[in-house]
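The values are calculated or read from the model by the stated rules, or taken from the named source; none is laboratory data. As the structure is a prediction and not an experimental result, all values here were calculated from the model. We place every Cβ from the backbone using ideal geometry, glycine too, and count neighbours over all the protein chains shown.
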Amino acid sequence: MRYIPCSESDRKEMLASMGLDSIEQLFSGIPEDLRLQRLLDIPAALSEPELLDYFHKAAAENSSGHTSFLGAGVYRHHIPVIVDALIARSEFYTAYTPYQAEIAQGTLQAIFEFQTYMTQLTGMEVANASLYDGSTAATEAMLMAHRVTKRNRFLVARTVHPEYRAVMATYARNLGLDIELIGYLPSGRIDLSQLQAALKDTVAGVVAQSPNFFGTIEDTAAVAALAHSHGALSIVNVCEALSLGILRPPAEADIVAGEAQSLGVPMSFGGPHVGFLATRDKFVRQMPGRLVGMGKDQQGRRAFVLTLSTREQHIRREKATSNICTNQSLCALMATIYLATLGPKGLRETCEQNLQKTDYAVRQIQERTPHTVLFPAARFNEFVVQLQGSSNCIQKLMSRNIVPGLPVERYYPELASCILVCVTETTRREQIDALVEGLQ
Amino acid sequence: MSRTSSHISLNERLLFERSSPGRHAYDLPLLDTPSRPVNEIVDGALLRDDIAGMPELSEGDVVRHFTRLSTWNYHIDLGLYPLGSCTMKYNPKVNEVVARLHGFAHAHPYMPAELVQGALRIQSTLESCLAEISGMDAVTLQPAAGAHGELTGILMIRAYHESLGNPRRRVLVPDSAHGTNPASVTISGYAVEHIPSNSRGTVDLEGLRRAMSNDVAAIMITNPNTLGIFESDISAIAEIVHSHGSLVYMDGANMNAMMGITRAGDFGVDVLHINLHKTFTTPHGGGGPGSGPVAVKRILEPHLPRPVLGKKQDGSFFYDDDRPQSIGKIKAYYGHFGMHVRALCYILANGPEGLKTATEIAVLNANYIRTKLKDAYAMPFHTPTLHEVVFSDRNQAQHGVGVGDIGKRLIDYGFHPPTVSFPLIVPGAIMIEPTETESRQELDAFIEAMLAIAKEAESDPTLVKTAPHNARISRVDEAGAARKPILRWKP
């Protein structure tokens, strides 16, 4: 096996130096009756050419020739080639967690830069070194608000990503936390009057998403003001982190958590992506996940180090703020390189193209098709289309190699025949026109 | 000494300190649709001003910056990474190539199933392989990492007990366990009860019997345990636990000691998680992403997180979300697919013989180190060990040299330190796991360095206590960094 350097003669000499004559003897600690008496029943070994062939064939079975208008939490944006060129360096991708600061300054400084970028984008004061993904980041934000407020009740907008809400529900159930859902208005935004009516002094946090699952931009300041009026924390979830390049950040919130996949991380069929969690300085000791701090070495030189780890499981065990051990370091590095490459102007221009192309697509569908674009409030790069009649246009579009969007009825039964459509800077005009034509 | 040297290490400030207004590293195609003023599309009140402090850089600036940072990292392609319980083995390059194939890297998770059969087949094949390797009946690939897998497994145990009418209250955790174990138990809504190890370093059966009651939901056991010792009483442990209607959870972090040799499903384990980033060579990435599939016996299958991967009569795959007894979702979409591709690539590259050989050589290498170091470093337990070995700093501590110092001095010799101060039941623990992908020369160089440090601890303890001496930086004032934390750059 080419990954194992131990030759037959190495093996013999090593065993001899230990006074043994077979490897079998090293397994004497495993009772005989527990030993597997056959080979594992898995496919036979493949050579490198065969491996490449196997995976090329499987990849080809995944249609990449389709024009996709899917978004819903996972976004196709252009990823500058230097992102992959840099993260493919062994020094980054084959390194361990940077516990030994003296020989991990590269990873540590890069994470510190990620943390800084996330505070700049979100308008918060401190951000962690990343979490598994947006769904678990939103969930960790909920648990954090529970620790801060010592309250158990959460008000969660129905326009928060349905899969995120499902994950929050899984965690909440076993910790005795209650979740009440808050509906949306015909505008697409959260129903603030329903929120106000539901707010009581027992509520730990209000969770809203912006842009929300329908692509609608929320008035996060108004949501935060309501939450604060009852001593609850305001948690804003951001699935489409690129939007923070142009939209006013949710600076009034107490916790901003979400998904940064859209900043340079491939969609990769759902993962790995990169969750983030940012908050105010005063809550830092209640944060989950790793944090990198800037300090000094013994000669007084600038040095970066994992810090405040008394919050974490390897020190605090069952009293830790979270059971999380890993972060998504390499994906956080992708986001950091992406942001360094685009810079503030590139981010804004990319966001503007998302807005313009989405606006064009919306207007074309409204003007040239029989279908209705729901939710008129301002949107970033997604919108919901209600298909009219017993239209079979989804099948028609699929036959033209176009995936027009995500049917949302399974998450919102009241939105039968509705699809969530996403248009980004990578969507070309002729693709939009082909979608519109197929919808006619 | 074969491995000590220094190399060029350029200073590099933060990105935020390198900005020069007007530089840029991106370009976009011209907008090809009609446009109108942005504030007609979105109310100006919803738009932000410029992002204060975000740097402007050229492409060359960005490449130089991250390339320089990269040279400050130790990494597996550079040398041995003897971290116990972390299984830092070589990450095959072909894994990286296949995970980046366009059909995988750019597939959207909501693509209709008929358009992503290739990806689903890979996930299904990986699930089958992991079930066979661990001896279990069903697998979910949804958990994002090991601790996430632990949580998933414990929640399934909870759902199982709830389905019988009583979720129970406690989970037993041996004192040698990883810190994630008790933390995952707590977040599942259970109380943790630690049970002691015996003088062999394994679970004390009498202690276990005393702790057991019908209130115990499960035991969470690591096998081989964090001392590298196979729990030889595992069948008896499972029997005691099962006799109270409780279940056995196994932390599969140490699966590298078992492939093709013994299977958790054959010694009474009901549920375990597997770290693809340990045993199955997906890269650690400087702290993630990981991937923590969970394998279960038939009795827990109804409780798997939804969706599960299903197969239709025509042989095509789909995500089955109709799972009324499921614990629910534990992560959006279906796990870290990019890691699934890499792990399957590793398994297929090895086949059944290759995986077994990997385990055999991993165990050979660890025992070779044990044999060569056991006179210089104290061994808290003399029980046979498998893929890793735990020493203590007792001999060196007499000279004022602690385990942390020994680790830091290894940096001067060109190695990453081992896991230090863990497991907690061994004061001054030095936990070494070389893996099978290290050559005899590399092991010998490491042994030589460890023996030299043992001598230095006697002859020149200050040298060891002030190490590292030829790293880019010296020890960091961690207390100072935590007292007034600086967690972001400010202008």
Quick check: is even one residue across segment A:193-207 farther than 23 Å from B:Thr186 by Cβ and within 9 Å of chain B (Cβ to nearest Cβ)? no
Looking only at segment A:148-163, decide whether some residue is closer than 27 Å to A:Ala332 by Cα, in contact with a Pro (Cβ under 7 Å, 6 or more places away or on another chain) and charged (D, E, K, R). no
Starting from segment A:31-51, take each residue that is over 30 Å from B:Val97 (Cα atoms) and list its partners that are among the β-branched types (Val, Ile, Thr) and surrounded by 14 or more Cβ atoms within 10 Å (Cβ to Cβ), counting only C-beta distances under 7 angstrom and pairs at least six apart or across chains. A:Leu34/B:Thr262; A:Arg35/B:Ile261; A:Arg35/B:Thr262; A:Leu36/B:Ile261; A:Leu36/B:Thr262
Given the conditions (1) assigned to a strand (DSSP E or B); (2) within 14 Å of chain A (Cβ to nearest Cβ); (3) surrounded by fewer than 24 Cβ atoms within 10 Å (Cβ to Cβ), every one holds for B:Met220 apart from (3)
Matching option when the condition is farther than 21 Å from A:Ser243 by Cα, away from chain B (no Cβ under 11 Å) and in a helix (DSSP H, G or I), among A:Gln431, A:Gln366, A:Gln395, A:Gln388: A:Gln366
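Per-residue answers, yes or no, for (1) within 12 Å of another protein chain (Cβ to nearest Cβ); (2) touching a Gly at 6+ places or on another chain (Cβ under 7 Å); (3) crowded, with 24+ Cβ neighbours inside 10 Å:
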residue: A:Ala104; (1), (2), (3): yes, no, yes
residue: A:Leu121; (1), (2), (3): yes, no, yes
residue: A:Ala127; (1), (2), (3): yes, no, yes
residue: A:Tyr132; (1), (2), (3): yes, yes, yes
residue: A:Ala141; (1), (2), (3): no, no, yes
residue: A:Pro186; (1), (2), (3): no, no, no
When you check B:Ile274 against the structure, is it more than 14 Å from the chain's Cα centre (by Cα), of a type in the set (A, V, I, L, M, F, W, C) and within 25 Å of B:Glu231 (Cβ to Cβ), yes or no? no
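Table: residues versus (1) within 30 Å of A:Ser399 (Cα to Cα); (2) touching a helix residue (DSSP H, G or I) at 6+ places or on another chain (Cβ under 7 Å); (3) surrounded by fewer than 20 Cβ atoms within 10 Å (Cβ to Cβ); (4) in the same structural domain as B:Phe318 (by TED's automatic domain parsing).
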{"residue": "B:Asn39", "(1), (2), (3), (4)": "no, no, yes, no"}
{"residue": "B:Asp49", "(1), (2), (3), (4)": "no, no, yes, no"}
{"residue": "B:Met54", "(1), (2), (3), (4)": "no, yes, no, no"}
{"residue": "B:Pro82", "(1), (2), (3), (4)": "no, yes, no, no"}
{"residue": "B:Ala99", "(1), (2), (3), (4)": "yes, yes, no, yes"}
{"residue": "B:His102", "(1), (2), (3), (4)": "yes, yes, yes, yes"}
{"residue": "B:Ala113", "(1), (2), (3), (4)": "yes, yes, yes, yes"}
Filter result for the condition that a residue is out of contact with any His (no Cβ under 9 Å at 6 or more places or on another chain) and either on the phi > 0 side of the Ramachandran plot or assigned to a helix (DSSP H, G or I) (or both), over A:Thr350, A:Thr336: A:Thr336
Quickly run through segment B:394-405 and pick out the residues that are closer than 16 Å to B:Asp375 by Cα and either in contact with an Asp or Glu (Cβ under 8 Å, 6 or more places away or on another chain) or in contact (Cβ under 8 Å) with a residue 60 or more places away in the chain (or both). B:Asn395, B:Gln396
Considering each of B:Gly286, B:Gly228, B:Gly265, B:Gly292 in turn, give the residue that is within 12 Å of chain A (Cβ to nearest Cβ) and either modelled with pLDDT under 95 or part of a helix (DSSP H, G or I) (or both). B:Gly265
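On the basis of being touching a strand residue (DSSP E or B) at 6+ places or on another chain (Cβ under 8 Å), surrounded by fewer than 19 Cβ atoms within 10 Å (Cβ to Cβ), of a type in the set (Asp, Glu) and assigned by TED's automatic domain parsing to the domain that holds B:Ser128, does B:Asp314 make the cut?
No, not satisfied.
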Take segment B:16-51 and flag every residue that is more than 7 Å from every other protein chain (Cβ to nearest Cβ), in a loop (DSSP other than H, G, I, E, B) and touching a residue at least 24 places away in the same chain (Cβ under 8 Å). B:Arg18, B:Ser19, B:Ser20, B:Pro21, B:Gly22, B:Arg23
Some residue of segment B:201-213 being in contact with a Phe, Trp or Tyr (Cβ under 6 Å, 6 or more places away or on another chain), in contact (Cβ under 8 Å) with a residue 60 or more places away in the chain and buried (at least 21 other Cβ atoms within 10 Å of the Cβ): yes
Within segment A:150-173, considering residues that are polar (S, T, N, Q) and surrounded by 20 or more Cβ atoms within 10 Å (Cβ to Cβ), the one nearest to the other protein chains (Cβ to nearest Cβ): A:Thr170
Inspect all residues belonging to segment B:229-247 and state whether any of them is within 23 Å of B:Ile432 (Cα to Cα), in contact with a Phe, Trp or Tyr (Cβ under 9 Å, 6 or more places away or on another chain) and touching a residue at least 40 places away in the same chain (Cβ under 8 Å). yes
Would segment B:342-354 turn up any residue that is assigned to a loop (DSSP other than H, G, I, E, B), out of contact with any Phe, Trp or Tyr (no Cβ under 8 Å at 6 or more places or on another chain) and in contact (Cβ under 8 Å) with a residue 12 or more places away in the chain? no
Please go through segment A:1-39 and pick out each residue that is among the acidic types (Asp, Glu) and more than 7 Å from every other protein chain (Cβ to nearest Cβ). A:Glu8, A:Glu13, A:Asp21, A:Glu24, A:Glu32, A:Asp33
Lone unmet requirement of (1) surrounded by fewer than 24 Cβ atoms within 10 Å (Cβ to Cβ); (2) over 27 Å from A:Ala172 (Cβ atoms) for A:Phe269: (1)
Lone unmet requirement of (1) in contact (Cβ under 8 Å) with a residue 24 or more places away in the chain; (2) out of contact with any Leu (no Cβ under 6 Å at 6 or more places or on another chain) for A:Lys345: (1)
Could you list, in sequence order, all residues of segment B:144-163 that are more than 9 Å from chain A (Cβ to nearest Cβ) and in contact with a Lys or Arg (Cβ under 7 Å, 6 or more places away or on another chain)? B:His161
Filtering segment A:280-314 down to residues that are without any contact (Cβ under 8 Å) to a residue 24 or more places away in the chain and more than 7 Å from chain B (Cβ to nearest Cβ), which residue is farthest from A:Pro249 (Cα to Cα)? A:Gly300
List every residue pair whose Cβ atoms sit under 9 Å apart, with the two residues 6 or more apart in sequence or on different chains, where the first one lies in segment A:128-145 and is under 14 Å from A:Gln209 (Cβ atoms) and at pLDDT 95 or above and the second, anywhere, is among the β-branched types (Val, Ile, Thr) and assigned to a helix (DSSP H, G or I). A:Ser135/A:Val167; A:Ala138/A:Val167; A:Thr139/A:Val167; A:Thr139/A:Thr170
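Go over the candidates A:Gly295, A:Gly258 one by one and state the one that is touching a strand residue (DSSP E or B) at 6+ places or on another chain (Cβ under 8 Å), more than 15 Å from A:Asp133 (Cβ to Cβ) and either crowded, with 24+ Cβ neighbours inside 10 Å or of a type in the set (Gly, Ala, Ser) (or both).
Result of the check over A:Gly295, A:Gly258: A:Gly295.
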